[in-house]
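Asks: Here you go, one structure.
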Amino acid sequence: MQWSGCLRLSPSSHFARWVTSRHSCTKLFVGGLSYDTNENVLKDAFGKHGEIIQVKVICDHVTGKSKGYGFVQFSSETAAAKALMQMDGQLLDGRSIRIQHARKG
């Protein structure tokens, strides 16, 4: 078994390669956001899953309007995993959101 920084996994598993390719086990990508969803809404929605370090909705630098995605970073991997499992596919501001671990890139 190898230590991936998040979970103990068999080095040959596809999941092991996916986990080790992730940038952070505490930072989540949130896609499918309503263009009206702001950082306060994200913080309120995700805050019940654990302590949040940072929330960021990505906006167009010219218009200032949301691009429909953002990031939520938790203080622990456990909180991030819980939020991912419980929030993926849920409705937020009338839109079904998609959650995955953020990747560097």
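The values are calculated or read from the model by the stated rules, or taken from the named source; none is laboratory data. Computed from a predicted model, the values in this text were never measured in an experiment. Positions of Cβ are generated from backbone atoms using ideal geometry, with glycine treated the same way; all protein chains shown enter the neighbour counts.
Asks: Condition test on residue 62, is it β-branched (Val, Ile, Thr) and within 16 Å of residue 92 (Cα to Cα)?
Replies: Considered against the rule, which asks whether it is β-branched (Val, Ile, Thr) and within 16 Å of residue 92 (Cα to Cα), residue 62 comes out as no.
Asks: Report, by residue number, each residue of segment 42-84 that is touching a residue at least 40 places away in the same chain (Cβ under 8 Å) and of a type in the set (Val, Ile, Thr).
Replies: Correct list: 72 only.
Asks: Further question: Could you list, in sequence order, all residues of segment 40-51 that are out of contact with any Phe, Trp or Tyr (no Cβ under 6 Å at 6 or more places or on another chain) and surrounded by 14 or more Cβ atoms within 10 Å (Cβ to Cβ)?
Replies: The answer is 41, 42, 45, 46, 47, 49.
Asks: Out of the residues in segment 94-105 meeting the condition of being assigned to a loop (DSSP other than H, G, I, E, B), surrounded by fewer than 15 Cβ atoms within 10 Å (Cβ to Cβ) and not small (Gly, Ala, Ser), tell me which one is modelled with the highest pLDDT.
Replies: Among those residues, the one meeting the criterion is 103.
Asks: Continuing with the same structure: Hey, among the residues in segment 40-72 that are among the polar types (S, T, N, Q) and outside any strand (DSSP E or B), which one's modelled with the lowest pLDDT?
Replies: Restricting to residues being among the polar types (S, T, N, Q) and outside any strand (DSSP E or B), the top hit is 63.
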